[in-house]
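Participant: Take a look at this one; I'll ask things after.
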Amino acid sequence: MTEKFSLKDHLFNKKRVAYLASLLAAADKNFDAKKFEKQVTSKLLELELKDRIRWIAAVLADHLPKDYEKAVAIIIKALPPPLDPTKTDDDFGEFILAPFGEYVATHGVTKDCLDVSLEAIKELTKRFSMEDAIRYFLRAFPKETLKVMKTWAKDENYHVRRLVSEGTRPLLPWSGRVPLSSADTSPLLNTLHADKTRYVTRSVANHLNDIAKKEPQVVVDTLRHWQKMGKQDQHELIWMTKHALRTLIKQGHTDTLTLLGYDSAAYVVKNFAVAATEIRAGEVVSFETTITATADTNLLIDYVMHFVKKNGTTAPKVFKWKMVTLKVGEELILTKNHRLKADATTFTLYPGEHMVELQINGTKTLSKTFTITI
């Protein structure tokens with residue numbers, strides 16, 4: 001039997017702790033690497049991933065000078081060389097350095113330490129993304145931290161620039177919220193959207209997708225503004241736009257689809273049919289449609305499955321089907337086999353009458369029902 005992969009054990013283990021200790025010992029002759037390793041590993045394996053970061057940071061506090069500035073100086077001296085500046089994407093860094101950021105965020109969020117702490121975050125993020133650590137400072141000192149991040153948005157190091165977008169994201173995974181509005185971060189994104197590094201522009205697009213979940217029109221207006229600015233390469237801006245609007249596209253948000261060129265109703269749906277009306281869980285529901293263009297048009301074709309919930313009500317889920325450009329009079333025939341997974345990990349299938357609905361350019365057209373039996 002294959003042993004299950006453990007991310008927490010892969011990222012935080014005795015070998016990685018020894019590596020961290022070696023860095024600190026090389027930076028400070030008084031640092032007791034063996035004692036540090038022993039204390040960390042005494043309870044490391046019983047903790048979950050984020051708790052391991054917190055635990056290592058707590059042990060650091062026992063082994064570094066009590067004077068915060070002296071402790072931070074040792075941490076900075078202990079850092080390995082910055083990540084390769086010639087790369088442009090997917091260079092997140094080493095997780096074992098995350099406790100350094102946690103230490104700074106735990107002990108350095110004070111008015112007196114702010115300058116030292118933010119400079120430390122800047123150096124740390126060149127080795128491992130400090131998107132979680134910076135949020136402690138955004139919560140405690142939002143005005144001061146944003147002022148510094150405004151200068152970081154133009155830094156020569158793309159990891160520092162990315163931190164400006166990623167660290168201020170409204171819905172950053174694995175992290176607490178920050179007290180910032182879209183108006184607070186808009187000036188930063190206006191600068192960063194023109195970045196030449198995909199690692200940065202992906203973060204900007206993800207940031208906009210977060211905003212879209214509460215303020216869709218703000219995102220559409222922002223992207224229109226960036227189109228008019230003309231500072232980003234056209235192909236990159238098209239990619240960013242689609243990535244930023246992915247949630248709104250699924251929702252069929254009208255202004256979003258207009259922005260993407262899917263604003264025409266120049267088509268006729270000739271048929272929409274389900275092959276079988278009674279299907280067992282684990283089997284396939286098959287359906288097809290025929291669409292004819294009445295003028296040259298772009299079509300974004302989705303289907304919406306309305307799944308029965310435990311309480312008998314239904315919940316819709318949008319699935320992508322086809323993006324296509326049709327000439328006037330051109331006919332499109334689409335077929336789809338959607339497997340009704342009986343062992344899905346994200347939801348449970350319940351018996352009863354379900355519905356599949358055809359959605360074109362955000363507009364729901366025809367629908368058909370079918371029954372699932374268990």
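The values are calculated or read from the model by the stated rules, or taken from the named source; none is laboratory data. Small disclaimer: the values here were computed from a predicted structure and weren't measured. Every residue, glycine among them, receives a Cβ derived from its backbone with ideal geometry; neighbour counts consider all protein chains shown.
Participant: State which residue pairs qualify: first residue over 16 Å from E236 (Cα atoms) and inside segment 198-222, second residue of a type in the set (F, W, Y) and modelled with pLDDT under 95 in any location, beta carbons under 6 Å apart, and separation of 6 or more residues or different chains.
Facilitator: Final answer for the pair search is none.
Participant: Also: T125 - would you say it is within 25 Å of Y158 (Cα to Cα), touching a helix residue (DSSP H, G or I) at 6+ places or on another chain (Cβ under 8 Å) and not charged (D, E, K, R)?
Facilitator: Numbers: within 25 Å of Y158 (Cα to Cα): yes; touching a helix residue (DSSP H, G or I) at 6+ places or on another chain (Cβ under 8 Å): yes; not charged (D, E, K, R): yes.
When the stated conditions are applied, T125 passes them.
Participant: Same structure again: Return the residue satisfying two criteria in turn: it lies in segment 100-131 and is aromatic (F, W, Y) and in contact with a strand residue (DSSP E or B) (Cβ under 9 Å, 6 or more places away or on another chain), and of such residues it is surrounded by the most Cβ atoms within 10 Å (Cβ to Cβ).
Facilitator: Initial filter on segment 100-131 (aromatic (F, W, Y)): 100, 103, 128.
Next, from what is left, pick out any that are in contact with a strand residue (DSSP E or B) (Cβ under 9 Å, 6 or more places away or on another chain): 100, 128.
On the way: F100: 29, F128: 22.
Going through the qualifying residues, I end up with F100.
Participant: For segment 289-312, what are the residues that are modelled with pLDDT of 95 or more, of a type outside the set (A, V, I, L, M, F, W, C) and in contact with a Leu (Cβ under 8 Å, 6 or more places away or on another chain)?
Facilitator: Residues satisfying the conditions are T289, T290, T292, Y303.
Participant: Residue check: is K213 surrounded by fewer than 16 Cβ atoms within 10 Å (Cβ to Cβ), touching a helix residue (DSSP H, G or I) at 6+ places or on another chain (Cβ under 8 Å), modelled with pLDDT of 95 or more and charged (D, E, K, R)?
Facilitator: Against the criterion (surrounded by fewer than 16 Cβ atoms within 10 Å (Cβ to Cβ), touching a helix residue (DSSP H, G or I) at 6+ places or on another chain (Cβ under 8 Å), modelled with pLDDT of 95 or more and charged (D, E, K, R)), K213 qualifies.
Participant: Further question on the same structure: Any residue at all in segment 74-97 that's in a helix (DSSP H, G or I), under 23 Å from E156 (Cβ atoms) and in contact with a strand residue (DSSP E or B) (Cβ under 8 Å, 6 or more places away or on another chain)?
Facilitator: Yes: one or more hits.
Participant: I'm trying to understand the selection: among the residues of segment 63-73, which are in contact with a helix residue (DSSP H, G or I) (Cβ under 6 Å, 6 or more places away or on another chain) and part of a helix (DSSP H, G or I)? Show your work before the answer.
Facilitator: Initial filter on segment 63-73 (in contact with a helix residue (DSSP H, G or I) (Cβ under 6 Å, 6 or more places away or on another chain)): 63-65, 68-69, 72.
Within segment 63-73, H63, Y68, E69, V72 meet the criteria.
Participant: Now a separate question. For segment 104-157, give me the residue count where each residue is under 17 Å from L83 (Cβ atoms) and of a type in the set (S, T, Y).
Facilitator: Of the residues in that region, 2 qualify.
Participant: Still on this structure, I have one more. Is it true that H235 is at pLDDT 95 or above and either in contact with a helix residue (DSSP H, G or I) (Cβ under 8 Å, 6 or more places away or on another chain) or basic (K, R) (or both)? Walk me through how you get there before you give the answer.
Facilitator: Numbers: at pLDDT 95 or above: yes; either in contact with a helix residue (DSSP H, G or I) (Cβ under 8 Å, 6 or more places away or on another chain) or basic (K, R) (or both): no.
No; evaluated as a whole, the condition is false for this residue.
Participant: Against the definition (more than 26 Å from K70 (Cα to Cα), at pLDDT 95 or above, out of contact with any strand residue (DSSP E or B) (no Cβ under 6 Å at 6 or more places or on another chain) and buried (at least 17 other Cβ atoms within 10 Å of the Cβ)), how does V178 come out, yes or no?
Facilitator: Working: more than 26 Å from K70 (Cα to Cα): yes; at pLDDT 95 or above: yes; out of contact with any strand residue (DSSP E or B) (no Cβ under 6 Å at 6 or more places or on another chain): yes; buried (at least 17 other Cβ atoms within 10 Å of the Cβ): yes.
In short, yes.
Participant: Which pairs turn up if I take residues in segment 225-249 that are within 16 Å of A212 (Cβ to Cβ) and touching a residue at least 24 places away in the same chain (Cβ under 8 Å) and look for partners that are small (G, A, S) and surrounded by 15 or more Cβ atoms within 10 Å (Cβ to Cβ) with beta carbon separation below 6 Å, at least 6 apart in sequence or on another chain?
Facilitator: Sorted first by the residue in segment 225-249, then by its partner, the pairs are M240/A205; H243/A205; A244/A205; T247/A212; L248/A212.
Participant: With segment 210-256 as the region, which helices (runs of 4 or more DSSP H) entirely inside it contain at least 1 residues that are over 27 Å from L358 (Cβ atoms)? Before you say what the answer is, go through the steps one by one.
Facilitator: Working: elements: 216-229, 234-244, 246-251.
Those helices (runs of 4 or more DSSP H) span 216-229, 234-244.
Participant: Please find, among K309, K364, the residue that is within 30 Å of T241 (Cβ to Cβ), basic (K, R) and in contact with a strand residue (DSSP E or B) (Cβ under 8 Å, 6 or more places away or on another chain). Please lay out each step first, then the result.
Facilitator: Values: K309 fails: within 30 Å of T241 (Cβ to Cβ).
Matching residue, one of K309, K364: K364.
Participant: Here's another thing I want to ask about it. If A265 meets every condition in (1) of a type outside the set (V, I, T); (2) more than 30 Å from V220 (Cα to Cα); (3) assigned to a loop (DSSP other than H, G, I, E, B) apart from one, which number is that one?
Facilitator: Single failed check for A265: (2).
Participant: Let me ask something else about it. Within segment 300-337, which residues are hydroxyl-bearing (S, T, Y), more than 29 Å from the chain's Cα centre (by Cα) and under 17 Å from L257 (Cα atoms)? Walk me through how you get there before you give the answer.
Facilitator: The first filter runs over segment 300-337 and keeps only residues hydroxyl-bearing (S, T, Y), leaving 303, 313-314, 325, 335.
Add one more test, that the residue is more than 29 Å from the chain's Cα centre (by Cα), and what stays is 313, 325, 335.
Within segment 300-337, T325 is the sole residue that qualifies.
Participant: Moving on to the next point. Suppose we filter segment 236-292 for residues that are aliphatic (A, V, I, L, M) and under 30 Å from H193 (Cβ atoms); how many remain? Spell out how you get there, then give the answer.
Facilitator: So in segment 236-292, the residues aliphatic (A, V, I, L, M) come out as 237-238, 240, 244-245, 248-249, 257, 259-260, 265-266, 268-269, 273-276, 279, 281, 284-285, 291.
Next, only the ones that are under 30 Å from H193 (Cβ atoms) stay: 237-238, 240, 244-245, 248-249, 257, 259-260.
Here the count works out to 10.
Participant: Right, another one. Among the numbered criteria (1) modelled with pLDDT of 95 or more; (2) of a type in the set (S, T, Y); (3) under 30 Å from I238 (Cα atoms), which one does S286 miss?
Facilitator: Single failed check for S286: (3).
Participant: Could you please find all residues in segment 14-46 being without any contact (Cβ under 8 Å) to a residue 12 or more places away in the chain and either within 19 Å of G101 (Cα to Cα) or crowded, with 16+ Cβ neighbours inside 10 Å (or both)?
Facilitator: Listed by number, the residues that qualify are S22, A25.
Participant: So, one more: So, D91, is that one acidic (D, E) and either more than 17 Å from K35 (Cα to Cα) or in contact (Cβ under 8 Å) with a residue 60 or more places away in the chain (or both) or not?
Facilitator: Details: acidic (D, E): yes; either more than 17 Å from K35 (Cα to Cα) or in contact (Cβ under 8 Å) with a residue 60 or more places away in the chain (or both): yes.
In short, yes.
Participant: For segment 132-151, give me each residue that is crowded, with 23+ Cβ neighbours inside 10 Å and of a type in the set (A, V, I, L, M, F, W, C).
Facilitator: A133, I134, F137, M149
Participant: Among the strands (runs of 3 or more DSSP E) confined wholly to segment 281-374, which include 3 or more residues that are of a type in the set (S, T, Y) and surrounded by 12 or more Cβ atoms within 10 Å (Cβ to Cβ)?
Facilitator: On the way: elements: 284-293, 297-308, 314-326, 331-339, 352-360, 363-373.
It comes to 284-293, 363-373.
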